[in-house]
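The values are calculated or read from the model by the stated rules, or taken from the named source; none is laboratory data. What you see is a predicted model; the values in this text were computed from it and never measured. Here the Cβ positions follow ideal geometry from the backbone for every residue, glycine too, while neighbour counts run over all protein chains shown.
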Amino acid sequence: MITDAHNLATATAAAPSHVAALAIEWAANDPLQRWVNAAPDGPGSLQDTISEYLGSHNPFPDELRVDVLARDEASWVPATIVERTAVDEWTVEYDDGEQVWRDHQELRPHSPEAG
């Protein structure tokens, strides 16, 4: 049975996304989530853990600088969070003013090396 963050990360993802890493740490430290994961039919999948985490946490608050996965899926482009529009969706604005919707897999904290 997977009961700690390290084992969950190892079992579900070689290199978890920013939000996946936050969700894994939360699941390992939150008393209720630890209890759920210790149940006979627990723990849930990584996607379930991420969904539970996003239901009560906002890893990308408004006006946060982030990097957005480019459409080529090989590079990251700097942008700013405008607002959270759903549990797993944020409106981001690129520096040229274009706004788009992105989910947690397409966002990460801003890095000076991006774009």
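Hey, among ALA14, ALA5, ALA28, which residue is modelled with pLDDT under 80 and in contact with an Asp or Glu (Cβ under 7 Å, 6 or more places away or on another chain)?
Testing whether each residue is modelled with pLDDT under 80 and in contact with an Asp or Glu (Cβ under 7 Å, 6 or more places away or on another chain) leaves just ALA5.
Specify the residue that is modelled with the lowest pLDDT; the eligible residues are those in the stretch 106-115 that are over 20 Å from ALA20 (Cα atoms) and loosely packed, with under 14 Cβ neighbours inside 10 Å.
Selected residue: GLU113.
Out of the residues in the stretch 90-105 that are under 18 Å from the mean Cα position of the chain (by Cα) and in contact (Cβ under 8 Å) with a residue 24 or more places away in the chain, state the one that is surrounded by the most Cβ atoms within 10 Å (Cβ to Cβ).
Out of the qualifying residues, it is TRP90.
With the requirement that a residue be surrounded by 12 or more Cβ atoms within 10 Å (Cβ to Cβ) and free of Cβ contacts under 8 Å to residues at least 24 places away in the same chain, what does the stretch 65-80 give you?
ALA70, ALA79, THR80
I'd like to verify a number: residues in the stretch 73-87 that are β-branched (Val, Ile, Thr) and closer than 14 Å to ARG108 by Cα, how many?
Of the residues in the stretch 73-87, 3 are β-branched (Val, Ile, Thr) and closer than 14 Å to ARG108 by Cα.
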